[in-house]
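**Q** Below you'll find the structure I mean.
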Amino acid sequence: MIRRPPRSTLSSSSAASDVYKRQSFMCGRSRAAGTMASYSTAVRNQLNVPLAPQTDGSQWTPSHNLHPGQQVPVLTSEEGQLVLRPMRWGLHPSFSKPDSKPDFFRMFNCRSESCDTSPVFRRLLGRRRCVVVVDGFYEWQDDKESVGRTKQPWYVNLGDAPMMMAGLYDRWVDAVGDEMLTVSVITTDASSRLEWLHDRMPVVLRGASVLAWLGDESEQLPSLKKLLRPYNGDDLSWHPTTKRMNKMDYTADDCASPVKIAPTSKITDFFAVHPGTVKAPKTTGHAAPPERDTTPADPAALEQENRKIEGNHTSGPDQDPGLAAEDAGAVPLEVGCLQCTFLNRVGRRSCEMCGHALGGPEPRSPNPTPNPSPHAKRMIQGEGEVQGEEEPRPTKRRK
């Protein structure tokens, strides 16, 4: 006899939220597009065991986008024989009130870590274990940076072989007396091959592990818990699908068809250094001084370079006599300019700095001062200041 949990456990809001809390929303969509006969043949060929004849296959409706509340193929062991029948996905406990409204999204998943401690699932672990048979399941990548965007769905499958997932089922009778079978899929940590997609995955069973899970009711709990581990087989495959199947009412044939997606771009990718590019050095806003060449000069090369420069000099009437004397090897003399005191080489006719004539008439100023004062004339001619004679000052106007 199945004992119902205490009423205090179900009436308390905090306790009820712990019992009926929604398990991390993963594996909330699956695909089962075949017939019950095709799944029976596939299971029989994989397990090499006979199955009971189909009695309620007419109640099954294939779907490319299954969600909780719809029927899924479920394999059970009854009186030593395997039976495949459809059940409602989303556990509705047998101790629920007959007039209660089932909420299939409440317990469509069961965590393997707490299935032996939860009041709802602990009583089912002993004698109501089952295997959910589907083509594959859908999952959305758990990307924190994609908040506000439409997430990309992925279809995970085992190729052409059916995917058999561990589950727990229960029987509930409504007020009219009709019986309804409901099932919950057991989940575990994601395997190393799927941890990039999500942190959880359904418990996938293959071969002997299926028969062990559906075995005798006297099976010990530790041996059953060992079967609830992540599946990391090489036949596990996945590909992106169309985003139209994000809606539960979209059940077209292309729900599980592979599509091409563009790589996700992030704002940090704009500043990243891509392979094949050289990262420019940081600058402070000023041009870096050129590196000083510290290699010793070759005397022969310098002499040859000087000869090339000397060969480019041409002698003529416009050539500076001072330059000619310097090229000839004479020691140049310097003469100071009376205007700007710049030291010029001997032989120049005008100052290299201000253009003032050296020993000749003074150059005409481009902006001559009209009627210069005697004081300014003496300063221009280099005679210096005259004692007792000052520059006339402008008179101030009286206010």
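**Q** Which one, V83, F95, F105, projects farthest toward the positive side of the charge dipole computed for segment 71-110 from Cβ point charges (K/R +1, D/E -1)?
**A** Towards the positive end, the residue furthest out is F105.
**Q** Would you grab the residues whose amide H sits under 5 Å from the one on S350? Only those 5+ places off in sequence or on another chain, please, with H modelled 1.01 Å from N.
**A** Long-range HN contacts for S350: L358.
**Q** If you don't mind, another one. Would you mind working out the accessible area per residue for segment 100-203, using a 1.4 Å probe, and quoting it in Å²?
**A** On a per-residue basis, segment 100-203 sits at 40 Å².
**Q** Please report, as a whole percent, how much of the solvent-accessible surface of segment 189-235 comes from carbon and sulfur atoms (probe radius 1.4 Å).
**A** That share works out to 50 percent.
**Q** Considering only protein heavy atoms, what is the solvent-accessible area of E334 at a probe of 1.4 Å, reported in Å² to the nearest 10?
**A** Its accessible surface works out to 130 Å², give or take rounding.
**Q** Under the definition of Cα pairs under 8 Å and six or more residues apart, what whole-number percent is the relative contact order of segment 59-182?
**A** Over segment 59-182, the number comes to 27 percent.
**Q** Please give the length that would be gained between L338 and E179 if that part of the chain were fully extended, namely 0.36 nm times their separation in residues minus their C-alpha to C-alpha distance (nm, one decimal).
**A** 44.9 nm
**Q** How much length is gained on full extension from E113 to K247, taking 0.36 nm per residue of separation minus their Cα-Cα distance?
**A** 45.2 nm
**Q** Ok, one more. Give a residue-ordered list of calculated ³J(HN,Hα) values for segment 172-183 (Karplus: 6.51 cos²θ - 1.76 cosθ + 1.60, θ = phi - 60°; whole Hz; x for Gly, Pro).
**A** 10, 10, 7, 5, 7, x, 7, 9, 10, 9, 10, 9
**Q** When a/c is below 1.5 the answer is rounded, else prolate if a/b is larger than b/c, else oblate, so apply that to segment 152-231 with a ≥ b ≥ c taken from the square roots of the Cα gyration tensor eigenvalues.
**A** It is oblate, given that a/c is not under 1.5 and a/b is not larger than b/c.
**Q** Got a sec to turn the phi values of segment 189-206 into Karplus ³J(HN,Hα) couplings, 6.51 cos²θ - 1.76 cosθ + 1.60 with θ = phi - 60°, whole Hz, x for Gly and Pro?
**A** The phi angles translate into 5, 5, 6, 5, 7, 10, 5, 5, 8, 7, 8, 10, 7, x, 6, 8, 10, 9 Hz.
The values are calculated or read from the model by the stated rules, or taken from the named source; none is laboratory data. Given the structure is predicted, the values throughout are model-derived calculations rather than measurements. Glycine also receives a Cβ, built like all others from the backbone with ideal geometry; neighbour counts cover every protein chain displayed. With ligands, DNA and RNA removed, areas are computed over all heavy atoms of the protein, side chains included. Shrake-Rupley method; radii C 1.70, N 1.55, O 1.52, S 1.80 Å.
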